[in-house]
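Peer 1: Below you will find the structure I want to go over with you.
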Amino acid sequence: MLTLHNPLHHLHQGRHEMFRGRLVPCHETPQRLDHVLAELQRRSLGPLRTPADDVEGLDAGLAQIHSPRYLHFIEHAWEEWIALDPLNAAQDALPSVWPAPGMRFDVLPDSFAARMGLFSFDAGTPLTAGSWAAAHAGAACAITAAREVASQRVRSAFALSRPPGHHAGADFFGGYCFLNNAALAAQALRDGGARRVAVLDVDYHHGNGTQAIFYERSDVLTVSVHGDPRTEYPFFLGHADERGAGAGEGCNLNLPLPRGTGFVRWREALHCGLAAIRAFGADTLVVSLGVDTFEGDPISGFLLRGPDYLQVGHDIASAKLPTVFVFEGGYAVDEVGMNTVNVLEGFGA
Ligand code: SP5
Ligand code: ZN
């Protein structure tokens, strides 16, 4: 397993997220990645590399997944934020006003606060001084990992980055995510010669951004096993009746499970997802690897245990596909390294 890790991840370090009307400390912290990297070093699963400083075609790759106006906004948002008031340098930027259905999404407001809302869907995703630099370097990890697999230089690779990506859509951030690393990897695999790519999302939360990005495409199957959105974040997408649209009809599969689900039932859903990937005829796999399904996760509700993740990796390997793993959630900081590396070790390559 080749790992591409993000050397700039610590530049994104949010202070607070909005929860029940209060600002609470961020769950998505730099220590998460540091623990995974330390565990990878300890268990020597394969080479650890960082992406090149100037990955060829990186910005073109971003523009294949995200809209020009969104990319421009995120890249320059911090400058705008401190231009409003130099004292803002000591604060994260969070949105607090959003367009509702029936309001205008096409007119770009002059107001920074209004554009923060236009390009986001929650107040849990602080934008900080280094968010763009960290997310941009993370995209380089995902695209490099995908190119290594597409070129068959390696059979599997792991993009170890934060901020995570699967909640970010073509033109919105949210759920701690800014750039959709799994979608960038899937697109890079297609561009590298893969004909039918499957994205398997095993994070606790539905991968709404990834689903939305590929919803009308027949060349990328999206499968997600997650907490039922009737009660779980991100609430407004991830139901079983979302099957894709247009050319992508039948190319999205959601497997929502109730809060409190344990490994036996979760694994049945995983097998259902793997069967769909086989039936689709995928030649390459992207795994959105969140380990917030862990019983000790502070913001989630499934009951997977440490050793279960070895089995998860083994089950994913049964697809027998070239595979790019992309790091997503997992907030039990002391166990996130062990659980994540268990999946990779169980996968066994
Ligand atoms: C990538 C990913 O896993 N994103 C998850 C985003 C979840 N955001 C909402 C979290 C709600 C926090 N609840 C705090 C409970 C404190 N006890
Ligand atoms: Zn999650």
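Peer 1: Give the shape of the chain as rounded, prolate or oblate, defined through the alpha-carbon gyration tensor: a ≥ b ≥ c are the square roots of its eigenvalues, a/c under 1.5 means rounded, and otherwise the shape is prolate if a/b is larger than b/c and oblate if not. Spell out each step's value before the answer.
Peer 2: Numbers: a/c = 1.35, a/b = 1.32, b/c = 1.03.
It is rounded, given that a/c, with a ≥ b ≥ c, falls under 1.5.
Peer 1: Follow-up question, since we're still on this one. Using a Gaussian network model of the chain with C-alpha springs under 10 Å, which one of 324, 36, 264 is most mobile by mean-square fluctuation?
Peer 2: 264
Peer 1: Still on this structure, I have one more. Could you identify which residue out of 87, 289, 58 has the top mean-square fluctuation in a GNM of the chain using Cα springs shorter than 10 Å?
Peer 2: Evaluated over the chain, the most mobile residue of the options is 87.
Peer 1: What shape does the range 205-294 take by its C-alpha gyration tensor, where a ≥ b ≥ c are the square roots of the eigenvalues and a/c under 1.5 counts as rounded, a/b above b/c as prolate, and the rest as oblate?
Peer 2: Oblate.
Peer 1: Give me the distance between the Cα centres of the range 73-110 and the range 252-273, rounded to whole Å.
Peer 2: Computed from Cα coordinates, the inter-centre distance equals 37 Å.
Peer 1: Using a Förster distance of 22 Å, how high is the FRET efficiency between residue 230 and residue 299, based on the Cβ-Cβ distance and rounded to 0.05? Don't skip to the answer; put the middle values down first.
Peer 2: Numbers: r = 17 Å, r/R0 = 0.78.
Result of the calculation: an efficiency of 0.80.
Peer 1: Which percent of the accessible heavy-atom area of the range 214-314 goes to carbon and sulfur, probe 1.4 angstrom?
Peer 2: On the way: 2320 of 4170 Å².
Accessible surface attributable to carbon and sulfur in the range 214-314 totals 56 percent.
Peer 1: Next question. What accessible area per residue, rounded to a whole number of Å², is obtained for the range 1-147 using a probe radius of 1.4 Å? Spell out each step's value before the answer.
Peer 2: On the way: 7450 Å² over 147 residues.
I get 51 Å² per residue for this part.
Peer 1: Which of these, 205, 76, 314, has the largest mean-square fluctuation under a Gaussian network model of the chain (Cα springs below 10 Å)?
Peer 2: Residue with maximal mean-square fluctuation among 205, 76, 314: 76.
Peer 1: Quick one: of the DSSP bridges fully inside the chain, what percent are antiparallel, nearest 5?
Peer 2: Working: 7 of 40 bridges.
The antiparallel proportion sits near 20 percent.
Peer 1: Right, another one. Say a paramagnetic label sat at a point 7 Å from the Cα of residue 155, along Cα to Cβ; which residues of the range 244-286 have their backbone N under 19 Å from it?
Peer 2: 278, 282-286
Peer 1: Which shape class applies to the range 1-129: rounded if a/c is under 1.5, otherwise prolate when a/b exceeds b/c and oblate if not, where a ≥ b ≥ c are the square roots of the Cα gyration tensor eigenvalues? Walk me through the numbers before you get to the answer.
Peer 2: Details: a/c = 2.18, a/b = 1.54, b/c = 1.41.
Prolate.
Peer 1: Sticking with this one: Carbon-plus-sulfur fraction of the accessible area of the range 66-203, 1.4 Å probe, in percent?
Peer 2: Working: 2950 of 5130 Å².
Heavy-atom surface of the range 66-203 belonging to carbon and sulfur, 1.4 Å probe: 57 percent.
Peer 1: For the charge dipole of the chain, defined by +1 on Lys and Arg C-beta atoms and -1 on Asp and Glu C-beta atoms about the Cα centroid, which residue among 179, 11, 199 has the Cα displaced farthest towards the positive pole?
Peer 2: Result: 199.
Peer 1: Let me ask another. With each pseudo-label sitting 7 Å past Cα toward Cβ, what's the residue 20-residue 91 distance in nm, one decimal?
Peer 2: Simple spin-label model gives 2.5 nm for this pair.
Peer 1: Sticking with this structure for a sec: I'd like the chymotrypsin sites (Phe, Trp or Tyr not before Pro) in the range 72-115 restricted to DSSP loop residues with at most 11 other Cβ atoms within 10 Å, sorted by number. Don't skip to the answer; put the middle values down first.
Peer 2: Details: sites: 73, 78, 81, 105, 112; in loops: 105.
Counting only loop positions with at most 11 other Cβ atoms within 10 Å, the chymotrypsin sites (Phe, Trp or Tyr not before Pro) in the range 72-115 are 105.
Peer 1: If you don't mind, another one. For the range 209-349, what is the accessible area per residue in Å² when the probe is 1.4 Å? Mind showing how you got there, number by number?
Peer 2: Details: 5240 Å² over 141 residues.
Heavy-atom accessible area per residue stands at 37 Å².
Peer 1: How much mean residue ellipticity at 222 nm does the chain get from its helices, if each DSSP H run of length 4 or more adds -39500 (n - 2.57) and you divide by all residues, to the nearest 500 deg cm²/dmol? Walk me through the numbers on the way to the answer.
Peer 2: Working: 10 runs with 127 residues, N = 349.
Helices in the chain give a 222 nm mean residue ellipticity of -11500 deg cm²/dmol.
Peer 1: Something else about it: Out of the trypsin sites (Lys or Arg not before Pro) in the range 133-240, which ones are loop residues according to DSSP with at most 10 other C-beta atoms within 10 Å?
Peer 2: Qualifying residues, ordered by number: 153.
The values are calculated or read from the model by the stated rules, or taken from the named source; none is laboratory data. Small disclaimer: the values here were computed from a predicted structure and weren't measured. Glycine also receives a Cβ, built like all others from the backbone with ideal geometry; neighbour counts cover every protein chain displayed. When the accessible area is computed, the model is the full protein with side chains, heavy atoms only, and any ligands, DNA or RNA have been set aside. Shrake-Rupley method; radii C 1.70, N 1.55, O 1.52, S 1.80 Å.
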